[in-house]
Amino acid sequence: MVKVDEKGFYGKFGGAYIPEMLYPNVEELRTNYEKITESDEFKDEFHALLKDYVGRPTPLYYAKRLSQEYGAKIYLKREDLCHTGAHKVNNTIGQIILAKKLGKKRIIAETGAGQHGVATATVCALMGMDCTVYMGAIDMERQKPNVERMRILGAKVVPATSGSQTLKDATNEALRQWINNPVDTHYIIGSVVGPHPYPEMVARFQSVISEEIKYQLKEKEGKEDPDMVIACVGGGSNAAGAFYHYYNTPSVRLVAVEAAGLGVASGKSAATTALGTPGVLHGSKTLLMQTEDGQVVEPHSISAGLDYPGIGPVHAHLFDSKRGEFYAVEDEDAMKAGVELSRLEGIIPAIESAHALSVLKQLKFKPSDVIVINLSGRGDKDLDTYIKWGGY
Ligand SMILES: *Cc1c(COP(=O)(O)O)cnc(C)c1O
């Protein structure tokens with residue numbers, strides 16, 4: 001059974017491992033979020049914005065030429081067509097409405113590559129809320145267009161200058177700021193990570209993906225359940241959304257794809273389930289890549305969105321309980337799969353999503369198998385990476 005308990009655990013993983021100083025903020029959220037998000041008022045506003053602002057429902061597209069290539073019936077869930085170009089906005093819309101209902105005036109967020117920062121700056125503009133995004137100083141250099149996007153949208157982008165000056169340090173900085181401004185500030189976390197209730201809350205906002213897959217597949221195939229759902233996993237929010245309504249339907253195989261970087265054994269990867277051990281990262285107990293004395297190992301992936309040293313606790317549980325099947329895809333193979341989809345279907349995917357596509361080569365199918373791949377984002381943001389790679 002995949003279900004979160006009272007304390008935020010999925011099996012052995014989850015919980016809220018936070019400093020004393022953060023307790024009141026997290027507790028306020030925990031005691032209020034279910035009541036608010038289950039109210040009709042919240043649901044009406046959330047679904048109206050998903051429809052008219054984000055552009056939902058996103059299509060479930062039967063990819064004919066891709067299907068012929070792999071000998072199965074392959075559908076693509078088109079999260080790449082969401083406003084801002086990826087699934088992340090489903091979560092930021094949910095959290096901004098929640099923040100407003102909690103009476104918050106100010107939003108903070110962390111970002112690595114800048115995709116979550118842009119999705120947060122977007123909804124803050126939409127709601128007229130003050131927005132500050134913490135970003136590693138090195139990431140700000142590497143991801144200039146997204147820094148400028150956030151600034152155009154009216155957000156303040158603050159460099160995190162400690163440690164490796166990347167995502168983990170930006171997260172630490174955002175948490176520090178939240179401790180200092182508990183009353184008027186809400187912290188929007190970008191994936192199914194962080195202390196309880198964040199992982200389950202974010203998964204519920206993203207679960208609109210599998211809610212739509214069910215009725216869309218029923219229309220097209222006469223049944224709600226595919227044989228397999230495939231999604232890439234950075235922190236795991238698009239995968240959690242695509243799996244959510246299938247967690248407890250054992251006939252549906254849940255296939256999660258991590259980034260193997262230059263190779264699982266190369267020392268430059270983000271393949272958490274292959275290499276990780278249990279530990280605490282950003283407030284929850286999960287699997288993470290760490291040294292024997294518990295120092296977080298710097299991850300590597302060609303795709304910024306998968307470049308994270310842990311996974312959300314629900315995925316650690318899916319792995320541990322064997323409900324989920326975990327694969328890893330190397331940089332080079334992901335890039336090739338991105339070009340393959342571009343040539344076969346006229347869709348240039350985000351490199352994160354290309355990892356999910358590439359796993360088709362590692363799986364075996366029957367012609368009658370119905371496969372849904374969650375196409376988490378579009379490739380526009382990755383043009384520079386495609387160009388530098390050059391293998392097309
Ligand atoms: C951020 C991102 C991801 C990874 O995040 P998850 O929380 O694992 O979904 C995947 N795809 C795209 C397009 C992204 O922007």
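Within the stretch 380-392, is there a residue that is surrounded by 23 or more Cβ atoms within 10 Å (Cβ to Cβ) and part of a helix (DSSP H, G or I)?
Yes, because at least one residue in the stretch 380-392 is surrounded by 23 or more Cβ atoms within 10 Å (Cβ to Cβ) and part of a helix (DSSP H, G or I).
Filter the stretch 356-392 down to the residues that are among the polar types (S, T, N, Q) and under 23 Å from A240 (Cβ atoms), then identify the one that is nearest to the ligand (Cβ to nearest atom).
S376
Condition first: in contact with a helix residue (DSSP H, G or I) (Cβ under 6 Å, 6 or more places away or on another chain), outside any loop (DSSP other than H, G, I, E, B) and farther than 17 Å from E212 by Cα. Now tell me which residues in the stretch 69-92 satisfy that.
Selection gives Y70, K73, T92.
Identify all residues within the stretch 98-128 that are more than 16 Å from the ligand (Cβ to nearest atom), crowded, with 21+ Cβ neighbours inside 10 Å and in a helix (DSSP H, G or I); write none if there are none.
L98, A99, C124
Name the residue that is surrounded by the most Cβ atoms within 10 Å (Cβ to Cβ), counting only residues in the stretch 54-74 that are within 20 Å of the chain's Cα centre (by Cα) and on the phi < 0 side of the Ramachandran plot.
T58
Does at least one position in the stretch 135-150 carry a residue that is in contact with an Asp or Glu (Cβ under 8 Å, 6 or more places away or on another chain), closer than 26 Å to G14 by Cα and either outside any loop (DSSP other than H, G, I, E, B) or touching a residue at least 12 places away in the same chain (Cβ under 8 Å) (or both)?
Yes - at least one qualifying residue is present in the stretch 135-150.
Just give me the residues in the stretch 67-98 being touching a Phe, Trp or Tyr at 6+ places or on another chain (Cβ under 9 Å) and among the hydrophobic types (A, V, I, L, M, F, W, C), in sequence order.
A72, I74, L76, V89, I93, I97, L98 - these are the residues of the stretch 67-98 that are touching a Phe, Trp or Tyr at 6+ places or on another chain (Cβ under 9 Å) and among the hydrophobic types (A, V, I, L, M, F, W, C).
Test each condition in (1) surrounded by fewer than 22 Cβ atoms within 10 Å (Cβ to Cβ); (2) under 20 Å from T120 (Cβ atoms) for K43 and report the one that comes out false.
(2)
Under the condition of being under 12 Å from Q115 (Cβ atoms) and among the small types (G, A, S), which residue from the stretch 78-97 is farthest from the ligand (Cβ to nearest atom)?
Filtering the stretch 78-97 for residues that are under 12 Å from Q115 (Cβ atoms) and among the small types (G, A, S), the one farthest from the ligand (Cβ to nearest atom) comes out as G85.
Given D320, D307, which one is closer than 30 Å to D169 by Cβ, of a type in the set (D, E, K, R), surrounded by fewer than 23 Cβ atoms within 10 Å (Cβ to Cβ) and within 15 Å of the ligand (Cβ to nearest atom)?
When all the criteria are applied, what remains is D307.
Return the residues of the stretch 1-28 that are assigned to a helix (DSSP H, G or I) and touching a Leu at 6+ places or on another chain (Cβ under 8 Å); say none if nothing qualifies.
Residues satisfying the conditions are L22, E28.
Among the residues of the stretch 259-273, is there at least one that is among the charged types (D, E, K, R) and either touching a Pro at 6+ places or on another chain (Cβ under 7 Å) or crowded, with 22+ Cβ neighbours inside 10 Å (or both)?
No - not one qualifying residue is present in the stretch 259-273.
Could you check the stretch 209-230 and list, in sequence order, the residues that are more than 18 Å from P250 (Cα to Cα) and in a loop (DSSP other than H, G, I, E, B)?
G222
Given E38, E20, E28, E6, which one is in contact (Cβ under 8 Å) with a residue 24 or more places away in the chain and surrounded by fewer than 20 Cβ atoms within 10 Å (Cβ to Cβ)?
E28
Considering only residues that are within 16 Å of the ligand (Cβ to nearest atom) and under 19 Å from V229 (Cβ atoms), which ones fall in the stretch 201-218?
V202, A203, R204, F205, Q206, S207, V208, I209, S210, I213, listed by residue number.
Give me the residue from the stretch 344-373 that is within 26 Å of R142 (Cβ to Cβ) and of a type in the set (S, T, N, Q) and, out of that set, surrounded by the most Cβ atoms within 10 Å (Cβ to Cβ).
Across the stretch 344-373, the extreme among qualifying residues is S353.
Would the stretch 334-341 turn up any residue that is assigned by TED's automatic domain parsing to the domain that holds E212, closer than 22 Å to K268 by Cβ, within 19 Å of the chain's Cα centre (by Cα) and not aromatic (F, W, Y)?
Yes, because at least one residue in the stretch 334-341 is assigned by TED's automatic domain parsing to the domain that holds E212, closer than 22 Å to K268 by Cβ, within 19 Å of the chain's Cα centre (by Cα) and not aromatic (F, W, Y).
If you go through the stretch 340-392, how many residues are among the hydrophobic types (A, V, I, L, M, F, W, C) and farther than 25 Å from V118 by Cβ?
Number of matching residues: 8.
Tell me whether the stretch 141-149 contains one or more residues that are within 25 Å of G103 (Cβ to Cβ) and crowded, with 21+ Cβ neighbours inside 10 Å.
Within the stretch 141-149, none of the residues are within 25 Å of G103 (Cβ to Cβ) and crowded, with 21+ Cβ neighbours inside 10 Å.
Check whether at least one residue in the stretch 235-253 is β-branched (V, I, T), away from the ligand (no atom under 13 Å from the Cβ), modelled with pLDDT of 95 or more and in contact with a Phe, Trp or Tyr (Cβ under 8 Å, 6 or more places away or on another chain), and report yes or no.
yes
I'd like the full set of residues that are within 16 Å of the ligand (Cβ to nearest atom) and either polar (S, T, N, Q) or in a loop (DSSP other than H, G, I, E, B) (or both), limited to the stretch 172-194.
If the condition is that a residue be within 16 Å of the ligand (Cβ to nearest atom) and either polar (S, T, N, Q) or in a loop (DSSP other than H, G, I, E, B) (or both), then I189, G190, S191, V192, V193, G194 are the ones that fit.
The values are calculated or read from the model by the stated rules, or taken from the named source; none is laboratory data. Just so it is clear, the structure is predicted and the values come from calculations on it, not from any experiment. Reconstructed Cβ throughout: ideal geometry from the backbone, glycine too, with neighbour counts over all protein chains shown.
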